[in-house]
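Structure, as structure tokens:
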Amino acid sequence: MNESKIGIPFEIKELAPNTVYTTWKDYYNLNAGAIILNNYIVIIDSLSYPRQAMDFRKRIEEKYELPIKYLFLTHMHGDHVFGMSAFKDLEVIGSKALVENMKGKLADSWEKEAFDDWKKEQPELADFIEEIEITIPQKEFENEYLLEDGDLYIEFVNSGGHSSCSTYAYFPKDKTLFIGDEIGAGYWIFMSDPTGNPDKWIESFEEILKLDVEKIIPGHGPIVSKEYVKEQLEFMKELKKTVLKAISEGKKPEEVEVPDYPYEPAIDWQIPTALEFLFNHYSK
Ligand SMILES: [Zn+2]
């Protein structure tokens with residue numbers, strides 16, 4: 001990866017009158033976005049490097065003559081939060097679980113040495129990594145939070161599937177929903193974080209299907225509709241059944257015959273890790 005790849009070729013796309021997003025194609029089609037309210041703008045996720053995020057921020061500020069007031073983070077994974085220092089002056093909104101998870105990461109895996117090792121492994125990225133600076137969200141909420149600005153509002157719901165802090169942002173005015181990594185569209189499901197919960201994932205998808213939503217912005221991949229949620233939900237239920245049966249028969253994760261799914265893994269460890277994750281969860 002070189003500077004031209006991190007330096008931002010991406011464009012800002014208008015998905016609906018008050019909902020925009022951008023995609024960094026070089027990292028599994030990573031998405032970030034923004035919701036334009038009456039008096040201010042809310043940024044959704046920060047991309048992976050502060051320099052990218054700063055570029056994204058400038059373009060949003062040039063396009064809309066409104067201040068950016070908040071950064072909302074869908075969950076704690078580095079590709080979604082490492083750009084956050086570009087929004088240092090803003091209040092960061094996140095679930096209570098996000099605050100806990102980020103504090104944990106700062107204590108055990110986001111230490112200076114870890115970033116130094118990363119710089120050594122990818123010296124061509126050292127300047128970008130150097131700018132990464134993590135801050136804990138100041139505006140913390142328990143399970144759900146309604147952010148209102150006149151007649152417009154965003155509903156944040158901690159759904160907790162892909163990770164315990166996974167939270168979606170639903171914007172009824174545009175019928176749009178930023179779902180974070182609960183969906184990685186076009187890829188096999190990203191199911192590996194030990195804090196995640198397959199049952200909460202299934203429950204939250206059932207809730208999302210009841211919402212008046214037309215366009216869903218996934219953490220990675222192209223924009224989808226409720227059809228995709230339905231398809232992934234059916235598959236997750238099938239996979240759960242298969243794993244429960246395998247556990248009851250005393251099988252090991254590697255002996256499970258995974259049901260068919262139309263999307264291939266983006267990385268080869270995805271399916272084995274997901275099986276480990278499901279076995280851990282359902283063997284308890
Ligand atoms: Zn993630």
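The numbers here are math on the coordinates, done by the rules we state, and not lab data. It should be emphasised that the depicted structure is a prediction, and the values quoted were computed from it without experimental measurement. When we count neighbours, we look across all protein chains shown, and the Cβ atoms used for this are built from the backbone with ideal geometry, even at glycine.
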_Checking A107 against (1) part of a strand (DSSP E or B); (2) more than 16 Å from the ligand (Cβ to nearest atom), only one condition comes out false. Which one?_
(1)
_Lone qualifier among V157, V92 - being more than 16 Å from the ligand (Cβ to nearest atom), farther than 19 Å from Y40 by Cβ and in a strand (DSSP E or B)_ = V157
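Each row is one residue, and each column tells you yes or no for (1) closer than 20 Å to P172 by Cα; (2) out of contact with any strand residue (DSSP E or B) (no Cβ under 7 Å at 6 or more places or on another chain); (3) of a type in the set (A, V, I, L, M); (4) assigned to a strand (DSSP E or B).
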| site | (1), (2), (3), (4) |
| --- | --- |
| T23 | no, no, no, yes |
| A32 | yes, no, yes, yes |
| N38 | yes, no, no, no |
| I43 | yes, no, yes, yes |
| M54 | no, yes, yes, no |
| R57 | no, no, no, no |
| E62 | no, yes, no, no |
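Look through segment 55-78, keep the residues that are more than 19 Å from K13 (Cβ to Cβ) and free of Cβ contacts under 8 Å to residues at least 60 places away in the same chain, and return whichever of them is farthest from the ligand (Cβ to nearest atom). Spell out how you get there, then give the answer.
Quick first cut of segment 55-78, residues more than 19 Å from K13 (Cβ to Cβ) only: 65, 67, 69-71, 73, 75-78.
So of that shortlist, the ones also free of Cβ contacts under 8 Å to residues at least 60 places away in the same chain come out as 65, 67, 69, 71, 78.
Numbers: E65: 33, P67: 29, K69: 25, L71: 17, G78: 9 Å.
Of everything passing the filter in segment 55-78, E65 is farthest from the ligand (Cβ to nearest atom).
Conditions tested, residue by residue: (1) of a type in the set (V, I, T); (2) surrounded by fewer than 17 Cβ atoms within 10 Å (Cβ to Cβ); (3) closer than 12 Å to T74 by Cβ.
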| residue | (1), (2), (3) |
| --- | --- |
| F156 | no, no, yes |
| G196 | no, no, no |
| E207 | no, yes, no |
| D212 | no, yes, no |
| P218 | no, no, yes |
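One line per residue, one yes/no per condition, for (1) touching a Ser or Thr at 6+ places or on another chain (Cβ under 9 Å); (2) among the aromatic types (F, W, Y):
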position	(1), (2)
D149	no, no
F171	yes, yes
E182	yes, no
W188	no, yes
P198	no, no
W201	yes, yes
*What are the residues in segment 172-186 that are touching a helix residue (DSSP H, G or I) at 6+ places or on another chain (Cβ under 8 Å) and part of a loop (DSSP other than H, G, I, E, B), if any?*
A185
*Would you check which residues across segment 217-234 are under 18 Å from the mean Cα position of the chain (by Cα) and more than 16 Å from the ligand (Cβ to nearest atom) and list them?*
P222, I223, V224, S225, K226, Y228, V229, L233
*Answer with yes or no whether E234 is surrounded by fewer than 19 Cβ atoms within 10 Å (Cβ to Cβ), over 21 Å from E14 (Cα atoms) and touching a residue at least 12 places away in the same chain (Cβ under 8 Å).*
no
